[in-house]
1. Is it true that residue 288 is of a type outside the set (A, V, I, L, M, F, W, C), surrounded by fewer than 18 Cβ atoms within 10 Å (Cβ to Cβ), out of contact with any Leu (no Cβ under 6 Å at 6 or more places or on another chain) and not in a loop (DSSP other than H, G, I, E, B)?
2. Go through region 154-178 and give me each residue that's surrounded by 18 or more Cβ atoms within 10 Å (Cβ to Cβ), within 29 Å of residue 29 (Cβ to Cβ) and in contact with a helix residue (DSSP H, G or I) (Cβ under 9 Å, 6 or more places away or on another chain).
3. Within region 34-54, how many residues are closer than 19 Å to residue 126 by Cα and in contact with a helix residue (DSSP H, G or I) (Cβ under 6 Å, 6 or more places away or on another chain)?
4. Report the residue count in region 29-56 for those that are farther than 22 Å from residue 217 by Cα and either at pLDDT 95 or above or buried (at least 23 other Cβ atoms within 10 Å of the Cβ) (or both).
5. Return a yes/no flag: does region 352-367 have any residue that is in contact (Cβ under 8 Å) with a residue 40 or more places away in the chain and more than 18 Å from the chain's Cα centre (by Cα).
6. Given the options 88, 175, 70, name the one that is of a type in the set (D, E, K, R), over 30 Å from residue 356 (Cα atoms) and in contact (Cβ under 8 Å) with a residue 40 or more places away in the chain.
7. Just the residues that are surrounded by fewer than 18 Cβ atoms within 10 Å (Cβ to Cβ) and of a type in the set (A, V, I, L, M, F, W, C), please, taken from region 207-242.
8. Given the structure, is residue 192 small (Gly, Ala, Ser), under 26 Å from residue 107 (Cα atoms), surrounded by 20 or more Cβ atoms within 10 Å (Cβ to Cβ) and at pLDDT 95 or above?
Amino acid sequence: MQVSLQNQLPQLPVDPISRTPTSQPDLPRIHVIITTFDRQETLRSLLHQIEDYASLFSISVDVFDDGTPEFLPLASKVITVRVFQRAENGGKTAFWHLIHTALCHARSVEAEYYVFLQDDVQLCQRFFSEAVRKFEAIRSVDPRCECLNLLSDESRRGRECWTGYSPRHIEVAGESFFQTQWTDMVFLAGRSFLDLLQYRIHPVTAGRWRRNPTASSGAGEQISRRVHEAGRSIYQVEQSLVDHGVHASRMHPELRTRQPLVAKRTDHVIGGLATIPERALLLRKNLPAILRQVDRLYVCLNGYDAVPEFLSDPRIDCWIEQGDRGDAAKFTAFEDVNGYFLSMDDDIAYPDGYSSRLTTAIDAYHRRCCVGFHGACIPGRLRSFYQDRWLFHASDALEDDQPVHLLGTGLMGVHSSTLRLTAQDFRQPNMADIWVALAAQKQCVGMVVLAHEADWIQFDRTEQSIYEQFAERDQEQTNAVNSIADWKLFACASVSPAPAGGLL
């Protein structure tokens, strides 16, 4: 169904519009509202992704096009799609009207959930299932929740915006969220949300942009303020459920050049960790923080007789390794995974947002380098690896991203497509940092220590660390590093490049 929209404000109430029934009427009903302009390829890609969920949900879609020239017809055999078109592009100054019209038409659509999307996002795996599950989890502890923001970009994750509310971090069923009291136009809500808004957006006057030409459309701000002032709640996911890549913004080109909305979570986040029986209590203490960072965790139990009961979590795959491969065992699963791989240690209390920073940075660097929060440069031939390296310590503040030769693998992330690692790369135990760095040098893969605050990373070292074991007897480490005569810094261009002079 394709309808032409008038540019004037439609009158309320809107007469019910006939709707083709979906093929699965007994499934949970989701109505999707997509706003679009001049991105027909990405729009079709998004619709194909939505179609993949037709067997799990009864889905209907309304597409509101803001005057795309030569807009091509849309059709689907498995979901209901309606298209509403403006005759001319209204841009951000008329975007409120597009959302107003969408709300008017949503009044006639009976659904349990309403999902608002824009044409430049892609859905993560299990998108609808995860969005609904998270929304209901929050509502189980906060019945006032009206809206869940599904986009969590690095620039505004957990930040204050529009309503003056200071966001707070909460945990529900082991998952992290922020109560922010604001949302962008990528969110999930229930019917009561539409009732609260009375199926309308109030006009946004031109004075908004005379005062500030780079101001946003005002639609998200108005929705946020009205929900907040009604005493209802708005939450944001910590891990984005949509991928908002780096591309030119049709609505905010100048603002998005300065502040790109980068949020990629289409791939799983996999953690790898190795431990020994002497550190079981340490692992048990830090495990909740570790699990919050990943979708799946692989744990190698060096020298264990049995799998500890506290590791019986469906997200954990663990195995017993006789003997001790040391920290190299954390990379055992690397060859078989597809996605973001975080190499981790059992003695680090990983802070909230840790994996988000890594995965966002990996994509900002176009998946061409390894990133982390602890690293070193090799200034030349060394007499002592631990004494002569130039260290960028995770506990110290770092103002700008810093290219390095070597990363600490307890605080490192890399996409599986970036680097090749096999068991043969790890020639001796407890030297994983060096073996991974050597592999990166051979494959011309860069390494970057990411900017961070002082003491953002907290170490929980009640047991002796690898550094403490070998600081005074590091000849093997030194020889391995000296096997490369000229260590190179491979520059990686990011979405927001580091200042000139960042390379040593």
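1. Yes; evaluated as a whole, the condition is true for this residue.
2. 177
3. 1
4. Restricting attention to region 29-56, the residues satisfying the condition of being farther than 22 Å from residue 217 by Cα are 29-31, 41, 44-56.
Subsequent filtering for residues that are either at pLDDT 95 or above or buried (at least 23 other Cβ atoms within 10 Å of the Cβ) (or both) retains 29-31, 46, 50.
Selection size over region 29-56: 5.
5. No: region 352-367 contains no residue that is in contact (Cβ under 8 Å) with a residue 40 or more places away in the chain and more than 18 Å from the chain's Cα centre (by Cα).
6. Details: 175 fails: over 30 Å from residue 356 (Cα atoms); 70 fails: in contact (Cβ under 8 Å) with a residue 40 or more places away in the chain.
Just a single option satisfies the conditions, and that option is 88.
7. Pass one, region 207-242, residues surrounded by fewer than 18 Cβ atoms within 10 Å (Cβ to Cβ): 207-215, 225-226, 229-231.
Matches in region 207-242: 209, 215, 230.
8. no
The values are calculated or read from the model by the stated rules, or taken from the named source; none is laboratory data. These numbers were taken from a predicted model, which means no experiment stands behind them. Here the Cβ is made from the backbone with ideal geometry for all residues, glycine too, and neighbour counts use every protein chain on show.
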